[in-house]
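Comments concern the structure below.
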Amino acid sequence: MLVLLLATGLSGCATQRTHYSAMTAENSAGEERRVLLKWKTARYPAWHWRQDSATPVTVTTQCSRREWKLRDPGMEGTCSEDAIAACGDPRLDAANGGSPVDAGQVCMQLTDAGGSTRVRELGNRVELSVSCSPRQTGVDMGDEVVNVDYPRASSVPYIFRVRTVPTGSLTQRPPELDDRVCDEE
């Protein structure tokens with residue numbers, strides 16, 4: 001009983017935060033779209049037995065159903081041994097020359113001004129590098145064509161200013177990507 005009480009009491013010791021940023025950028029089709037980055041962290045006191053943790057960084061683009069998950073080298077499903085990154089899919093993504101990406105090829109990479117390689121260490125200004133393009137911006141799903149576009153590949157990283165808020169806050173939360181502009185086109 002005492003163990004259960006201690007476990008229950010200590011589980012609430014983490015400081016849980018949601019980190020996010022949104023900006024407007026061109027997608028590979030040349031259309032201006034909002035791009036949203038978001039992730040969560042849990043930080044524990046020094047006396048706690050758990051280690052600080054973070055979720056992968058999710059990158060979503062307005063009007064697109066494709067979500068990218070950028071993971072650091074310590075996360076399950078990672079594709080880079082030394083960076084926060086996401087790998088392309090040879091069926092969906094192309095390298096700069098237009099040929100399909102190789103399996104395991106990094107298409108998106110994220111860091112900050114300090115060169116962080118762990119999601120939980122990212123600062124309030126992050127740089128997203130995109131080095132691939134979608135082979136097609138739309139995928140036929142039978143009765144509809146689904147947009148899978150994402151930010152245009154660029155030799156210059158996209159700069160995002162990150163906001164940090166308490167996870168679960170009713171008044172402070174990441175923005176929703178408004179898809180009304182998608183219906184207008």
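Tabulated data
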read-out	value
Residues of segment 39-58 satisfying the condition of being among the small types (Gly, Ala, Ser), surrounded by fewer than 20 Cβ atoms within 10 Å (Cβ to Cβ) and in contact (Cβ under 8 Å) with a residue 12 or more places away in the chain	Ala42, Ser53
Strands (runs of 3 or more DSSP E) wholly inside segment 106-185 that include at least 2 residues being touching a strand residue (DSSP E or B) at 6+ places or on another chain (Cβ under 7 Å) and under 30 Å from Gln51 (Cα atoms)	106-112, 125-130, 158-161, 163-166
Only one of Asp93, Asp112, Asp143 that is more than 23 Å from Glu32 (Cα to Cα) and surrounded by 12 or more Cβ atoms within 10 Å (Cβ to Cβ)	Asp112
Which listed residue is within 25 Å of Ala14 (Cα to Cα), hydrophobic (A, V, I, L, M, F, W, C), surrounded by 16 or more Cβ atoms within 10 Å (Cβ to Cβ) and under 15 Å from the mean Cα position of the chain (by Cα), from Val106, Val162, Val130	Val162
Members of segment 115-127 that are open to solvent by less than 50 Å² (accessible area, probe 1.4 Å) and in contact with a Ser or Thr (Cβ under 6 Å, 6 or more places away or on another chain)	Leu122, Glu127
Test result for Thr137, over 24 Å from Arg34 (Cβ atoms) and open to solvent by less than 80 Å² (accessible area, probe 1.4 Å)	no
Output for segment 59-75, where each listed residue is open to solvent by 60 Å² or more (accessible area, probe 1.4 Å) and closer than 13 Å to Val119 by Cβ	Lys69, Arg71, Gly74
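The values are calculated or read from the model by the stated rules, or taken from the named source; none is laboratory data. Being a predicted model, the structure only gives us computed values, none of them experimental. Every residue, glycine among them, receives a Cβ derived from its backbone with ideal geometry; neighbour counts consider all protein chains shown. Remember, those area values only see protein heavy atoms, side chains included, never the ligands or the DNA or RNA. Shrake-Rupley method; radii C 1.70, N 1.55, O 1.52, S 1.80 Å.
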